[in-house]
1. Would you mind counting up the charge near L842? Only other residues with Cβ under 9 Å from its Cβ, with Lys and Arg at +1 and Asp and Glu at -1.
2. Enumerate the amide H contacts of A930 below 5 Å, restricted to partners 5 or more residues apart or on another chain; note that Pro and chain-start residues carry no placed amide H.
3. Can you work out ³J(HN,Hα) from phi for every residue in segment 409-417, in order, using Karplus 6.51 cos²θ - 1.76 cosθ + 1.60 and θ = phi - 60°, giving whole Hz and x for Gly and Pro?
4. Are any of the pairs K85/K135; K710/K767; K553/K696; K360/K420; K541/K641 more than 21 Å apart by Cα-Cα distance, and if so, which?
5. Going by average Cβ density within 10 Å per residue, which order do the peptides 95-105, 181-191, 197-207, 471-481 take, highest to lowest?
6. Carbon and sulfur: what percent of segment 106-194's accessible surface (1.4 Å probe)?
7. Could you derive backbone 3J(HN,Hα) for segment 835-843 from the dihedral phi with the Karplus parameters 6.51, -1.76 and 1.60 (θ = phi - 60°), listing whole Hz in sequence and x where the residue is Gly or Pro?
8. Please report Rg (one decimal) and Dmax (integer) in Å for the Cα set of segment 91-148.
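The values are calculated or read from the model by the stated rules, or taken from the named source; none is laboratory data. Predicted model, so just to flag it, every value in this text is computed and none were measured. As a convention, Cβ positions derive from the backbone with ideal geometry for all residues, glycine included, and neighbour counts pool all protein chains shown. Accessible surface is based on the protein model in full, side chains and every heavy atom, while ligands, DNA and RNA are left aside. Shrake-Rupley method; radii C 1.70, N 1.55, O 1.52, S 1.80 Å.
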Amino acid sequence: MGTEMPVARQRWWQTWTAWILWMLLMVSVWVAIHWYNLESTMRTAEEALVNMCDERARMLQDQFAVSVNHVHALAVLISTFHYQKNPSAMDQDTFAFYTGMTAFERPLLSGVAYAQRVLHSDRGNFESQQGWTIKTMKREPSPEQDEYAPVIFSQETVSYLEVLDMMSGEEDRENILRARATGKAVLTNPFRLLESNHLGVVLTFPVYRMGIPADATIEDRVEATAGYLGGAFDVESLVENLLKKLAGNQDIVVNVHDVTNISDPLIMYGAQNSEGYKPLSRVSMLDFGDPFRKHQMVCRYSQKPPIPWSAITSPSGMVVILMLVAYILYAAQKRYVMVMEDCRKMEELKVQAEAADVAKSQFLATVSHEIRTPMNGVLGMLDMLLDTDLNLTQKDYAQTAQVCGKALIALINEVLDRAKIEAGKLEIESVPFDLRSILDDVLSLFSAKSREKGIELAAFVSDNVPQVLTGDPGRFRQIITNLVGNSVKFTDRGHIFIQVHLAEHPNMPIEGMVCPSTNGKVDELEVMSGGTAFNTLSGYKAADNRNSWENFKLLLSNEASLAAVSLNGRPCEKNPESVTLIVSVEDTGIGIPLHAQERVFTPFMQADSSTSRNYGGTGIGLSISKCLVELMGGRINFISKPNVGSTFTFSAVLQRCTVNAGGDPKRSLSEDLPTCFKGIKALLVDERSVRSAVTKYHLHRLGISVEIAKNTKMALSTLNRQNGCSRNGKLPKVLFIEKDSWNNSDVCLLNHFLERKQADHIHEVPKVILLGISECDKAKGESLVDIVFVKPLRASTVAVCLQQVLGMDNQPRKELPKGAVFLRSLLTGKNILVVDDNKVNLRVAAAALKKYGAKVECAESGKEALSLLPLSHEFDACFMDVQMPEMDGFEATRQIRLMENEANELAKLRRVQSNDSDIVPSQWHLPILAMTADVIQATYEECMKCGMDGYVSKPFDEEQLYQAVAKFVASKPLQGS
């Protein structure tokens, strides 16, 4: 406790120190941004001042230039009409009148006057001619001088200038002399005008008697000078009028100066003392046309430019943002520490979870092994017991025990499959298989239960589905078995219908589609006793309307059109490698409650607790099926209506394959069907369209052509019509009648056939086969028909029935099933070593292998197996248990592979040393197959890692044993086969 307090206090001081430093930094940032904004504001104000001042200076120059031009024009006017006209067209009244009338063109001039150049020698004549005496500016008679410039013409506004000598003042004299020498307008210093008392200047312009060249000398200009035209400019009024016209005049202060003498500038406009905001000012030079005079305009703001709100809000906003960023970084750093701590805890939990997963896998392996090991002995001994001579009761007991044991193994497999799926270690194999044979196997598996319940169980495969496909037949069978098993479990009346079509089929069922039949009318629904019959397999309503007869008929019609195209020699050229199948399993059971449909595919979930009590099951089959379908590249969904039924539909992507392609040529992929029925005609009496199509499908597989009639009367008329058309024609040899189409009026059917035969109307009485769905249907017409066939229909069982009815049952029966034949061909005469520490399993495995002709030797441990496997041994294969005391199967396999590798390397070295390339060294490699009750993926990987060649799980069957052995052992032809 004492050590924790200083640490906490230290962290507290560190946090506050960091925050104080950060606040100081924020203040510095605020000051810097504020200063920058002020500088930007001043720069902007200075640029605006420069623009305004330059604009005013330019406009002042332009207006002054316009006035100068008008004075120049007036000088030309005097030169033209006063000196070049004789007599002169200009006098004082004319000049005063003209200048008064054109005064609006010279708004900047307070008045104009013309002074004539008079030499001293001409003064007397001039004064006598004018009638007055030349006077100075002080109105005193002008003293004697070289020349004079008395005003002879003046505008009325400056009439007081008449008789005054403009050369009597020193400054005026200099300006006049400079004007006539340069030929340009000359300005005086600013002075107060007499009338307005405003500051102004006088513009003096020379007037020449005649035009002179531009390059005339000063003497030429003086000689040609006739007088001088002057105008008084009111500079204050000029600038005032100008500023009033411009916006923003109130914001700036304008001063105009004459800076000819830079040390003593003369004010022309503005206050004598500087006003306004002095730090910001602009000086613009003015050009009034007199190169001797220099003028400038000085502008400044009347007051300091205001500080914009952005100079305060911008740094404040930036500081707030930075404070938020600091808080976010602080929170992020704090969160990062928490996340890192959580990650550390998660890593610990991950390690624990991985350890738990390993423990779970080990637990599953142990449980699987411990359950499968005794079950292997039980099933093996039962299999051996069934091969002995037993009476019917004993055989029934043994078969029942065997079925229960297999059911327990199936449950264990489901749990292990779910564990594999969760671990992502379930793999899909790719081998050729016959889809129709798999469906026949599934029908056979559930045939007893369907007969017991009295429900229709049928399968239909579209003709467009290839005979042989490449995929995982075991997993495909598992999906179908799970779906059909659920349907059988929850269906007590009606039917269970399996359909397989191609997804690329152009007429796949579409909800709501109705298509007319071949005669142009829509098939009508029939009425059964007790209610309406639907056009389905059994007449009961189905959940998915897309599987109606109307849509089913589209599939059949499309198949017929494709077959016609093929017969015309134009088969489809495209044959894609992949095939997408659509498989549906339809039942008319209790359906799935609406509240439970969302969790149908959830593992170990059922509709409610009563489902498990009434029907049994673990609720794991559908979840496994969904995962398997997705592994096959498909999807699964369902439509279910309570008390109507359910339809499960899934898709699967498989590969096309030619017959036996990629498989073992020694073994057929499909069940061999007899060919002796090809060409036989049959007549089927069935009032249900879907059911008759299914029966026709199975008979076509045997090569039998089928014609369908709705009832027995239509069947008789069909027979009579065929017999009448061609007496020697080939009539149906077999008459199939559904039990629903059999009634009391048909009891004389066979007698009717016999009478017609005696009358020589028919050559042969057709064999009548009644089709039923339960064992009790045999009593319905067993005495009136040739045989009663209890469904479900399978091509192989129908073939056996026909052989019995038609008298073809004379073929010798094979003692062993087809799988056993292939196993015998593989194992006969082979030396097999079986290694297992369990004597019962050892005995069972040895007996199973000896059953197929193998020579078996047993070993009870890995060490004993090594002693029996020197390099000179003659064993063809070894079945090795993986879990054994002292030395398990993995270590024993490693030792065997080590010995074989050393022997192979030594043989290779001897060959190199002998330099004989003709010597082919023998390669030692004994096929070793793992034989264990542990079937999880981790065990399989360990088997492959230690050098084993294959895997056989306990208890193994013929199919599994064949697949494992066929890869390594060559078959031998059987005697007599």
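1. With Lys, Arg at +1 and Asp, Glu at -1, the net is -2.
2. M880, D949, G950, Y951, V952
3. Going residue by residue, I get 5, 5, 5, 4, 5, 4, 5, 5, 4 Hz, with x marking Gly and Pro.
4. Values: K85/K135 28 Å; K710/K767 18 Å; K553/K696 13 Å; K360/K420 12 Å; K541/K641 10 Å.
Too far apart for the 21 Å limit: K85/K135.
5. Details: 95-105: 15.1, 181-191: 18.7, 197-207: 22.5, 471-481: 20.8.
Ranked by mean Cβ neighbours within 10 Å, highest first: 197-207, 471-481, 181-191, 95-105.
6. Numbers: 2040 of 4310 Å².
That share works out to 47 percent.
7. Those phi angles translate into 10, 7, 7, 8, 5, 5, 5, 4, 5 Hz.
8. Using the Cα atoms of segment 91-148, the pair Rg, Dmax is 14.6, 40 Å.
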